[in-house]
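Student: Just passing along the structure, written as structure tokens.
The values are calculated or read from the model by the stated rules, or taken from the named source; none is laboratory data. Source: prediction; values computed, not measured. Here Cβ is always computed from backbone atoms with ideal geometry, including for glycine, and neighbour counts include all displayed protein chains.
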Amino acid sequence: MTEPKSYAVSILQKFKINFVPVPVEDIAKGLGAKVVFSALEDSHCGMIHMQGNIIVIGVNSIHPKNRQRFTIAHEIGHLVMHKDEISESIHIDQAFGERLNRDGRSSLGEDLKEVQANRFAAELLMPTSILKRETKNQRIDIEDSEFIEKLAQKFQVSFQSMSIKLLDTFYKNYSLSTSKLHP
Ligand SMILES: [Zn+2]
């Protein structure tokens, strides 16, 4: 199947976005989804479901702004890549590890979709081409927390998300542990 990253790249092209921070809520709306912010349990990040013909993305408003942005991007990933499933049932996202522990839904297919949605979200919020442009002529040091923090602020993502993206982009030999992909 097509790489999640490629889906993100084509969505960015579709909406002519070559700047950061990526207006993730506008993208959701542009794809016909309604974004609803409400206070949920801390362990819940967000959800996506169909209300009649309307796609609704729910976001936990008690989480930090950057995490909410990642959640919206993650749900857009499901919308773009897994539309058939969300039309059948409500999809609720909990913090990755907790979801697996709580209801034991650890089937490979389910995990794969979460990994795909996270990869999509990372590319949507931190497009590789823009990241390379923004770091041109700079020394990439993933132990320089000030450097990472500045970039994270520019892209409006969490420090952790940016760290992973930098590793993924500039340290090709680093093997990603998928469980660390959630912010
Ligand atoms: Zn999900």
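Student: Restricting the search to the stretch 58-73, which residues are touching a residue at least 60 places away in the same chain (Cβ under 8 Å) and either outside any loop (DSSP other than H, G, I, E, B) or among the hydroxyl-bearing types (Ser, Thr, Tyr) (or both)?
Tutor: 65, 66, 67, 69, 70
Student: Continuing with this model, one more query. List every residue pair whose Cβ atoms sit under 6 Å apart, with the two residues 6 or more apart in sequence or on different chains, where the first one lies in the stretch 32-43 and is free of Cβ contacts under 8 Å to residues at least 60 places away in the same chain and the second, anywhere, is in a strand (DSSP E or B) and surrounded by fewer than 16 Cβ atoms within 10 Å (Cβ to Cβ).
Tutor: 34/54
Student: Does the stretch 7-25 hold any residues that are over 17 Å from residue 79 (Cα atoms) and under 13 Å from the mean Cα position of the chain (by Cα), and which are they?
Tutor: Scanning the stretch 7-25 gives a single hit, 22.
Student: Considering only residues that are within 16 Å of the ligand (Cβ to nearest atom) and closer than 25 Å to residue 10 by Cβ, which ones fall in the stretch 32-57?
Tutor: 33, 35, 45, 46, 47, 48, 49, 50, 55, 56, 57 - these are the residues of the stretch 32-57 that are within 16 Å of the ligand (Cβ to nearest atom) and closer than 25 Å to residue 10 by Cβ.
Student: Only residues that are of a type in the set (Val, Ile, Thr), under 22 Å from residue 45 (Cα atoms) and at pLDDT below 90: list them for the stretch 135-183, please.
Tutor: 178
Student: Within the stretch 128-153, count every residue that is touching a residue at least 12 places away in the same chain (Cβ under 8 Å), among the polar types (S, T, N, Q) and surrounded by 13 or more Cβ atoms within 10 Å (Cβ to Cβ).
Tutor: So the answer is 2.
Student: Determine whether residue 25 is within 22 Å of residue 127 (Cα to Cα) and out of contact with any Cys (no Cβ under 9 Å at 6 or more places or on another chain).
Tutor: The answer is yes for residue 25.
Student: Do we find that residue 34 is surrounded by 12 or more Cβ atoms within 10 Å (Cβ to Cβ), modelled with pLDDT of 95 or more and outside any helix (DSSP H, G or I) in this structure? Steps first, please.
Tutor: On the way: surrounded by 12 or more Cβ atoms within 10 Å (Cβ to Cβ): yes; modelled with pLDDT of 95 or more: yes; outside any helix (DSSP H, G or I): yes.
Answer is yes for this residue.
Student: Looking at the stretch 1-31 only, could you name the residues that are surrounded by fewer than 12 Cβ atoms within 10 Å (Cβ to Cβ) and either modelled with pLDDT under 95 or within 16 Å of the ligand (Cβ to nearest atom) (or both)?
Tutor: Of everything in the stretch 1-31, those that are surrounded by fewer than 12 Cβ atoms within 10 Å (Cβ to Cβ) and either modelled with pLDDT under 95 or within 16 Å of the ligand (Cβ to nearest atom) (or both) turn out to be 1, 2.
Student: Please work out if residue 92 is β-branched (Val, Ile, Thr), within 16 Å of the ligand (Cβ to nearest atom) and modelled with pLDDT under 90.
Tutor: Here the answer is yes, as residue 92 does meet what is asked.
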